[in-house]
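Report on the following structure.
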Amino acid sequence: MVPFTLTTPPDAVPNADGPTYLAGGTTLADLMKLNVLQPDRVAHLRGFQSTAIEEIDGELWVGAGCTMAALADHPIVRARLPAVRHALILAASPQIRNMATVGGNLLQRTRCPYYRHTEFRCNKREPGSGCDAQEEGADRSLMAVLGTSERCIANYPGDFAVAFAALGGTIETAHPDGNRSISATDLHRLPEDTPHIETVLRPGELISQLVLPLSPAAANGWYCKVRERSSYAFALASAAVGLELDGDRVTSCHIALGGVGTKPWRSPEAEAVLTGQQATDERIEAASEAALADANPPKGTEYKVTLAKRTLAFALKRLRDEGPPDDATLLALQHGREFG
Amino acid sequence: MFFDTPASGFAPLPRLADDAGAIGRPKVRRSGREKVTGTAAYTAERDGRHSPDSFPGLLHAVAVPATIAKGRVTGIDASAAEAMPGVRHVLTPANSPKLKVPEGPPGLGFQSIEPAGPAGVESQEIVHGGQYVAAVIADTFEAARDGALAVKVTYEEEPNPVIAIEAVNGSEERPNSLMGDPPVMEEGDAETAVKEAALSVDLQFKTDTNHHNPIEPHATIAAFGKDANGSETLSVRETTQNLYGTRGSLAEAFGLKPEQVEVVCDFVGGAFGSKGVMWPQALLACKCAKLAGAPVKLVVTRRQMYGGTGHRSPTLHRVALGAKEDGTLTGIVHEGFTTSSIRDDYTDAVVLATKILYAAPARRLSQRMGRLNTQLPTFMRAPAETPGMYPLECAMDELAAAAGMDPIELRLRNEPPKDPMTGKPFSGRHFVQCLKAGADRFGWADRPLQPRKRKKGRWLIGTGVAAATYPAFGFPTEVELTLRANGTVRAVCATHELGTGTATVQAQVAADLLGVSAGRVDFDLGSTAYPKGGVSGGSATTLSVGSALRDAAEKLKAALLKHAPQDSPLSGAKPGDVTFDSGKLVLTESGKGASLEDLLEAAAKAELSAKGSYAPGKSEFSKHSFGATFVEVGVDEEFGLVRVRRMLGCYACGTILNRKLGRSQFLGGMVMGIGSGLLEVTHHDTRLARWTNDNLAEYHVPVNADVPDLDVMWIDDPDFNASPIGAKGIGEIGITGVNAALANAVWHATGKRHRTIPITPEAVMA
Ligand SMILES: Cc1cc2nc3c(=O)[nH]c(=O)nc-3n(C[C@H](O)[C@H](O)[C@H](O)COP(=O)(O)OP(=O)(O)OC[C@H]3O[C@@H](n4cnc5c(N)ncnc54)[C@H](O)[C@@H]3O)c2cc1C
């Protein structure tokens, strides 16, 4: 960690050349201790940010300071946003979920080891320095297969943002140059030539609210997470799906993938294959193919393309056939016992 | 005293009917309450703030690790760090106090404990990533940590550092010794036997790098001082499984007599072998204390645990088995390939279990090794058996499949009547009983021989079995046993509490030896102020300390008899004639005697002590524990997932001295086997020769959700051929069969063999 000054809001925020915001700190403090992030000014948001959860006109408005645990346990989320609940309760550990805020969660950083070690070359951490992850012999176990660029192949590791993007969430921000809404799919940028610019947020722009539409498709959804450790592990691949069905015809559909993209990967391509169509096995498989059609897996990650397709196809079929799983079924799917 | 085991074994301990005595009882671990309430002070907490220790003026140090794996340091710019608030000194080769590199235990090599090479820090050659090149000493931990990040080190890199075992596989170097055995052991012509056999398998296996990841990181607090005569002293709080070893090494390094060095460690927060030898942070902390002229605390960071301390070597194997149609083995070949570091020699003796598990007229065991730019590999829970039995026991399963036989039946066919290579009788074996009793309880009988026969929902279900075994090691150990006039007892030994319950169990042993209740026995450990304990590794502590206690109890008899009053029935009796019984010393024949309190009173003594010792001598017996591990897995082939549904271990380890703590040891081994079989691998970058998942988020140890209900049972048959207290080790055997049982179960579920562990989703999907 390099020395920094700590301020406490409200005076400090938002501010155009403002400080780095500290919410739960589970990403920020971690990366500061490793010298990966070296802010000179940090503003602690606790007590300043809204933590409220409210239903307003068919939308759920969530204060960015709400913890992952609190959002997961909210009755509306339990009843009408199963994919959000699943993505939250399958993430991290209870201790982290009690600290971490949903605003901070969206902005968690990649777990790419080349980003996390300052002695390795990383264009995301140090623009123009190169990308050791793409050299011969690199450990690519945490790399993306979608949205990669010559400059960066690091994946976006989070779960909640995948459900949030799938369900058409938006964020409300505060900034001296004007507040705005940003759709979840626009928040994160592709790495392209500037992997160090991870989001469209302007310096000092504060996420104040997260807004989730409470649609029928959102109520009929789930989040399927595949990982070799049964708990407390990031996704190898995951799928957030929501379907509104008229008989077996899909009237509206939400699809996003996790663990495999350089950003939370909503797939309009897959959604287009299903929308207005019968949800047959063939259609669902075609949707999965469409979602991964542009995959460009770095050497050693090829299996993730197959895994992501299977994850998405399974998530959709199971949803079509059985609807959203309850918590017990979800955990049984993770643990491989007492199920089936 | 060296105990040569007589051909008839040691005299059984008079063991009271099951629960009448203390031995065997499921007593709760004595430090349990402190641990769950957070008051037990571990090494890093022994700084005086959380413990009665006193280190006035304590400073904090944080090491600066090398960021290259091969080359040399060309410059260290400490100016930015030195200018930071709270930073007192930056230890670099330029100002580092000189020391002599200790030799360490023979055969282990010990160069790796010196941060920067044989010539001291002056030699700035870098042979592995994470090698310490400097340290920052500051008023607070935070200042030291931030200072360490601000030290700028420049390097001249040498090309082609190596970290992947495959890169050195061509090496013809042989280990000097396999725990005392030669690196090639041969009996008959095993290769030809396999070639000409009616049935044979010839297979290649790989196990990957593991790090121990104890929850307590390595830590040292070092303080130099002066004794009453003005001679220098060194007082150290150290995370260690080896108090006397650490003391000896530190004394040698700093030119002190061992008596001038004190090493204290009440609790170890998990070690699994990683704290069996001293690692660089201990010397570094001492150097910092010297340089600063003040006590210094140095805690290894989690990231530094990958490189600052050792790991389990990756291993490669070829196992070839030949058998007759009926499954009788005709030849066994096991070639192992392991790694060591550039400077030192330790490597795992992975073929040793293949010496003793099965009968075969011809056998060839051999090992080669290669050297990697890594920290020295070191013991990790069952260092020979965990990586070595996985290939052997998978090969047995493949042979059984080739023979169309049940894998248990194949093992029963090849049960050796005595140690196949030495011809010695086994001290106690019970392997067949473990297989049979385990199979019964596990419900093995209706298992289909063919794979891919059972499915539940998405999950293919399979079961697998494998042998477990571990040698009954003992290390030289001394204890002091004291009877007090108030009827209580105190025993002391510089042994270790790794969470295993040493103090609890040894109090139970002492209680039964002296015929008092365990609650009346204090057992103190964890300091070089006490008589010498051995390294707490090799599952040897309980056996060694308990056996030394038995010796001490015999010596106490002699001391008490010497003080027996003239008019006592004990007067003139010999130690061999008397027994401790219910708080008394009595004539074995008549039961007449006197209470211990009366004897002490008559002798006008507040207390009476005797020293006892144990060291394994020559033995007529081949001394090992055995067991059988049964696993049921569910496999989701589509996602490549393997989940353990049930596991059962049945073990024969001699006397189980405490049912609760014993069970915990078996359970811990089984859980760790789930880790190495399915999850644990230290990823690396081949080109940079660096570990990449050096944190607990990405290095996956099993979590609760990965562990189903585990079933543990044992054959409770004291083995007095193995040790004077009838016990053998239990800390390691639990893991030894798990990897193979898992891989065999995955085959049974899917029909696909996995000859590399951990078994990853990618491999299952392939
Ligand atoms: C060991 C471990 C395992 C994990 N496993 C998972 C997992 O399986 N799945 C998963 O999804 N996540 C996982 N996480 C990530 C975790 O969920 C995030 O670290 C957490 O959600 C971040 O929230 P926070 O409040 O702590 O953010 P902070 O660390 O405080 O902040 C994170 C970033 O967001 C910025 N920020 C925070 N609040 C705002 C705001 N209101 N406006 C603008 N910027 C803001 C900060 O400046 C910082 O850049 C894991 C983390 C750890 C350490």
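The values are calculated or read from the model by the stated rules, or taken from the named source; none is laboratory data. Nothing here was measured: the structure is a model prediction, and the numbers come from that model. Because the Cβ atoms are built from the backbone with ideal geometry, glycine has one as well, and the counts that use them run over all protein chains shown.
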Of the residues in segment A:38-54, those that are within 12 Å of the ligand (Cβ to nearest atom), in a strand (DSSP E or B) and not hydrophobic (A, V, I, L, M, F, W, C) come to A:ARG41, A:HIS44
With criteria (1) touching a residue at least 12 places away in the same chain (Cβ under 8 Å); (2) more than 7 Å from the ligand (Cβ to nearest atom), A:ALA91 comes up short on (2)
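Restricting to segment B:283-314, and then to whatever is closer than 21 Å to B:LEU59 by Cα and small (Gly, Ala, Ser), can you tell me which residue is modelled with the lowest pLDDT? Can you show your working first?
Kept after step one, since they are closer than 21 Å to B:LEU59 by Cα, are these residues of segment B:283-314: B:283-302, B:304, B:308.
Now restrict to residues that are small (Gly, Ala, Ser): B:285, B:289, B:292-294, B:308.
Values: B:ALA285: 95, B:ALA289: 97, B:ALA292: 98, B:GLY293: 97, B:ALA294: 98, B:GLY308: 92.
Filtering segment B:283-314 for residues that are closer than 21 Å to B:LEU59 by Cα and small (Gly, Ala, Ser), the one modelled with the lowest pLDDT comes out as B:GLY308.
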What pairs come up if the first residue lies in segment A:68-86 and is farther than 14 Å from A:PRO216 by Cβ and part of a helix (DSSP H, G or I), the second is within 12 Å of the ligand (Cβ to nearest atom) and polar (S, T, N, Q), and their beta carbons are under 9 Å apart, counting only those six or more places apart or on different chains?
-> A:MET68/A:ASN98; A:MET68/A:THR101; A:MET68/A:ASN105; A:ALA69/A:ASN98; A:ALA70/A:THR51; A:ALA70/A:ASN98
When restricted to B:VAL162, B:VAL153, B:VAL201, the only residue assigned to a loop (DSSP other than H, G, I, E, B) and not assigned by TED's automatic domain parsing to the domain that holds B:ASN695 is B:VAL162
Flag if A:SER181 is among the small types (Gly, Ala, Ser), more than 25 Å from B:GLU698 (Cα to Cα), away from chain B (no Cβ under 14 Å) and surrounded by 16 or more Cβ atoms within 10 Å (Cβ to Cβ) = no
Matching residues in segment A:252-286 - criterion: being at negative phi, more than 25 Å from the chain's Cα centre (by Cα) and free of Cβ contacts under 8 Å to residues at least 40 places away in the same chain = A:GLN277, A:GLN278, A:THR280, A:ASP281, A:GLU282, A:ARG283
Segment A:284-318, residues that are among the basic types (Lys, Arg), closer than 15 Å to A:CYS224 by Cα and more than 9 Å from chain B (Cβ to nearest Cβ) = A:LYS309, A:LYS317, A:ARG318
Within segment B:714-766, restricting to residues that are part of a helix (DSSP H, G or I) and among the polar types (S, T, N, Q), the one that is farthest from A:GLU302 (Cα to Cα) is B:THR736
Looking at this structure, is B:GLN375 outside any strand (DSSP E or B) and surrounded by 22 or more Cβ atoms within 10 Å (Cβ to Cβ)?
-> yes
Among what's in segment A:231-259 and is within 14 Å of chain B (Cβ to nearest Cβ) and surrounded by fewer than 24 Cβ atoms within 10 Å (Cβ to Cβ), pick the residue that is farthest from the ligand (Cβ to nearest atom).
-> A:SER231
Go over the candidates B:ALA604, B:ALA594, B:ALA615 one by one and state the one that is of a type in the set (A, V, I, L, M), within 35 Å of the chain's Cα centre (by Cα) and away from every other protein chain (no Cβ under 14 Å).
-> B:ALA615
From (1) away from every other protein chain (no Cβ under 13 Å); (2) of a type outside the set (S, T, N, Q); (3) within 19 Å of the chain's Cα centre (by Cα); (4) closer than 29 Å to A:PRO191 by Cβ, pick out the condition that doesn't hold for A:CYS112.
-> (1)
Return yes or no: is B:ILE461 within 14 Å of chain A (Cβ to nearest Cβ), surrounded by fewer than 24 Cβ atoms within 10 Å (Cβ to Cβ) and more than 28 Å from the chain's Cα centre (by Cα)?
-> yes
Among residues belonging to segment A:94-109 that are within 14 Å of chain B (Cβ to nearest Cβ) and surrounded by fewer than 20 Cβ atoms within 10 Å (Cβ to Cβ), point out the one that is farthest from the ligand (Cβ to nearest atom).
-> A:PRO94
Counting just the residues of segment A:215-230 that are aliphatic (A, V, I, L, M) and surrounded by 24 or more Cβ atoms within 10 Å (Cβ to Cβ), which one comes out nearest to the other protein chains (Cβ to nearest Cβ)?
-> A:VAL226
Residue check for B:GLY662: on the phi > 0 side of the Ramachandran plot and either more than 9 Å from every other protein chain (Cβ to nearest Cβ) or under 20 Å from the mean Cα position of the chain (by Cα) (or both) = no
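Restricting to segment B:139-160, name every residue that is farther than 17 Å from B:VAL296 by Cα and buried (at least 17 other Cβ atoms within 10 Å of the Cβ).
Within segment B:139-160, B:LEU149, B:ALA150, B:VAL151, B:VAL153, B:TYR155 meet the criteria.
Considering segment A:67-84 alone, what residues qualify as being surrounded by fewer than 24 Cβ atoms within 10 Å (Cβ to Cβ) and more than 10 Å from the ligand (Cβ to nearest atom)?
Start the filter on segment A:67-84 by keeping residues that are surrounded by fewer than 24 Cβ atoms within 10 Å (Cβ to Cβ), which leaves A:67, A:69-70, A:72-80.
Residues satisfying the conditions are A:ALA69, A:ALA70, A:ALA72, A:ASP73, A:HIS74, A:PRO75, A:ILE76, A:VAL77, A:ARG78, A:ALA79, A:ARG80.
For segment B:701-745, name all the residues that are in contact (Cβ under 8 Å) with a residue 12 or more places away in the chain, within 14 Å of another protein chain (Cβ to nearest Cβ) and farther than 24 Å from B:LYS436 by Cβ.
From segment B:701-745, those in contact (Cβ under 8 Å) with a residue 12 or more places away in the chain are B:701-702, B:706-745; that's our starting set.
Pick out the ones that are also within 14 Å of another protein chain (Cβ to nearest Cβ) and you get B:701-702, B:706-710, B:742, B:745.
Once the filter is applied, which keeps residues that are in contact (Cβ under 8 Å) with a residue 12 or more places away in the chain, within 14 Å of another protein chain (Cβ to nearest Cβ) and farther than 24 Å from B:LYS436 by Cβ, segment B:701-745 yields B:VAL701, B:PRO702, B:ASP706, B:VAL707.
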Return only the number of the condition from (1) more than 11 Å from the ligand (Cβ to nearest atom); (2) in contact (Cβ under 8 Å) with a residue 24 or more places away in the chain that A:GLY18 does not satisfy.
-> (1)
Does A:ASN35 satisfy being more than 13 Å from the ligand (Cβ to nearest atom), in contact (Cβ under 8 Å) with a residue 24 or more places away in the chain, within 24 Å of A:GLY204 (Cβ to Cβ) and outside any strand (DSSP E or B)?
-> yes
Within 14 Å of another protein chain (Cβ to nearest Cβ), closer than 23 Å to B:PRO56 by Cα and of a type outside the set (D, E, K, R): does that describe B:VAL162?
-> no
Do the conditions hold for B:GLU191, that is, is it surrounded by fewer than 23 Cβ atoms within 10 Å (Cβ to Cβ), within 30 Å of B:THR339 (Cα to Cα) and acidic (Asp, Glu)?
-> yes
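Quick grid of which residues meet (1) in a strand (DSSP E or B); (2) within 16 Å of the ligand (Cβ to nearest atom); (3) modelled with pLDDT of 95 or more:
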residue	(1), (2), (3)
A:THR148	no, no, yes
A:CYS152	no, no, yes
A:GLY158	no, yes, yes
A:PHE164	no, yes, yes
A:GLY168	no, no, yes
A:ILE171	yes, yes, yes
A:SER181	yes, yes, yes
Failed criterion for A:LEU60 (all others in (1) in contact with a strand residue (DSSP E or B) (Cβ under 6 Å, 6 or more places away or on another chain); (2) more than 11 Å from the ligand (Cβ to nearest atom); (3) in a helix (DSSP H, G or I) hold) | (3)
In segment A:127-158, residue nearest to A:ASN35 (Cα to Cα) [restricted to those that are away from chain B (no Cβ under 14 Å) and charged (D, E, K, R)] | A:ARG151
